[in-house]
1. Take the residues in the range 114-138 that are open to solvent by 10 Å² or more (accessible area, probe 1.4 Å), under 19 Å from Ala177 (Cα atoms) and among the aliphatic types (A, V, I, L, M); name whichever of them is modelled with the highest pLDDT.
2. Considering each of Gly240, Gly219, Gly234, Gly208 in turn, give the residue that is farther than 22 Å from Gln47 by Cα, at pLDDT 95 or above and within 14 Å of the chain's Cα centre (by Cα).
3. Yes or no: Val74 under 19 Å from the mean Cα position of the chain (by Cα), at pLDDT 95 or above, among the hydrophobic types (A, V, I, L, M, F, W, C) and within 18 Å of Asp241 (Cα to Cα)?
4. Report, ordered by the first and then the second residue, all pairs with beta carbons closer than 8 Å, sequence separation of six or more or different chains, a first member in the range 145-165 that is modelled with pLDDT of 95 or more, and a second member that is of a type in the set (Lys, Arg) and part of a loop (DSSP other than H, G, I, E, B).
5. Of the residues that sit in the range 187-204 and are charged (D, E, K, R) and over 19 Å from the mean Cα position of the chain (by Cα), which one is least open to solvent (accessible area, probe 1.4 Å)?
6. Residue check: is Arg271 open to solvent by 50 Å² or more (accessible area, probe 1.4 Å), touching a Lys or Arg at 6+ places or on another chain (Cβ under 9 Å) and part of a helix (DSSP H, G or I)?
Amino acid sequence: MLAGCATPASRHPVTVSDMGTASRASELEASLVRPGIVTFERLRFAQWTGGRGTFIDRKDARTDSVPKGNEEAVIYAYVVDHPRFGRVMIDSGVSADLGERLNGLMRRAVSDLDIRIERTTAQWLGGQAPPRAVFLTHLHFDHVGGLLDLPVTTPVYVGQGEVQERSRVNLLLGHPADAALQGYGPMREWQFQPDPDGRFAGVLDIFGDGSVWAISVPGHSAGSTAYLVNAVDGPKLVLGDAVSTRLGWEQQMPQPVAAGARVDAEASAERLRRFAADNPAVTVFLGHQSRTGQAEAY
């Protein structure tokens, strides 16, 4: 009966992406030695507090050494300026209006996290032109909320299989992504192909010039996507929630995911750690915390 209640992560229409060329990890790595042509900025929008069980799997024996308590998490988004294609955002920040569009259960869940908005996407925009596109790491509420503050004509890109992922949790929580996407056209789904090098599930050269890459890292969600940005001040790797905290990255603590996603989640996290170790010039940005010693964003 519960299986019959499973619904997709989003009921919003989806279409094939109009950008992105299937590539391979070795081509991505080769691009790292070329001078960057885009600029990159991490933006901080809100802070929230959650029990450590929100971020690590308390049912896994490997987490027994981590004391109980809370973790402070941040909602980030990222801005990339390309000399030819213009400005894009990775994730979307937050909107003060999102709570009004959520169902009661999701609204209570958000309230329990004690989210403190420091600025909204609308406030960040001010009078400047909005981004020409949004590249989502995944469809969870804390990554899509700022879409409410952007023009509904903005193209939104999402990982392969993200929209179609089925769970009864989606029914209970009322599809928060659909609330944020109301009025938007179809989401555009990245068309990954298996990485011939076997380093990742898939790799796309988004603009065809090696400046911004989408990397398929399923597990946290079916279509979780990381982004590698070859910026003028060095390459940046945005993980999304493939790894969201220092506990996950530095201590390899597993995150709480559905049993069927556990293998993918741990494989994706390990692939990202290995890539970062093999390419020490790459700066890694976790989903909801700064790495130890890393400067915080505003």
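The values are calculated or read from the model by the stated rules, or taken from the named source; none is laboratory data. In this text, all values refer to a predicted model and were calculated from it rather than measured experimentally. Heads up, the Cβs are rebuilt from the backbone with ideal geometry, glycines too, and the neighbour counts pull from every protein chain shown. Protein only, heavy atoms only, side chains kept; ligands, DNA and RNA dropped before computing areas. Shrake-Rupley method; radii C 1.70, N 1.55, O 1.52, S 1.80 Å.
1. Only one residue fits best here, namely Ala122.
2. Of the residues listed, the single one that is farther than 22 Å from Gln47 by Cα, at pLDDT 95 or above and within 14 Å of the chain's Cα centre (by Cα) is Gly219.
3. Considered against the rule, which asks whether it is under 19 Å from the mean Cα position of the chain (by Cα), at pLDDT 95 or above, among the hydrophobic types (A, V, I, L, M, F, W, C) and within 18 Å of Asp241 (Cα to Cα), Val74 comes out as yes.
4. The qualifying pairs are Thr154/Arg132; Pro155/Arg132.
5. By that ranking, first place goes to Asp195.
6. Taking the combined requirement at face value, the residue satisfies it.
Rundown of residues vs (1) farther than 17 Å from Pro35 by Cα; (2) assigned to a loop (DSSP other than H, G, I, E, B); (3) in contact with a helix residue (DSSP H, G or I) (Cβ under 8 Å, 6 or more places away or on another chain), yes/no style:
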position	(1), (2), (3)
Gln182	yes, yes, yes
Gly185	yes, yes, no
Gln191	yes, yes, no
Asp197	yes, yes, yes
Leu204	yes, no, no
Asp209	no, yes, no
Ala214	yes, no, no
Gly219	yes, yes, yes
Leu228	no, no, yes
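For (1) open to solvent by 30 Å² or more (accessible area, probe 1.4 Å); (2) aliphatic (A, V, I, L, M), each residue gets a yes or a no:
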| position | (1), (2) |
| --- | --- |
| His12 | no, no |
| Thr15 | yes, no |
| Val33 | yes, yes |
| Gln47 | yes, no |
| Gly53 | yes, no |
| His82 | no, no |
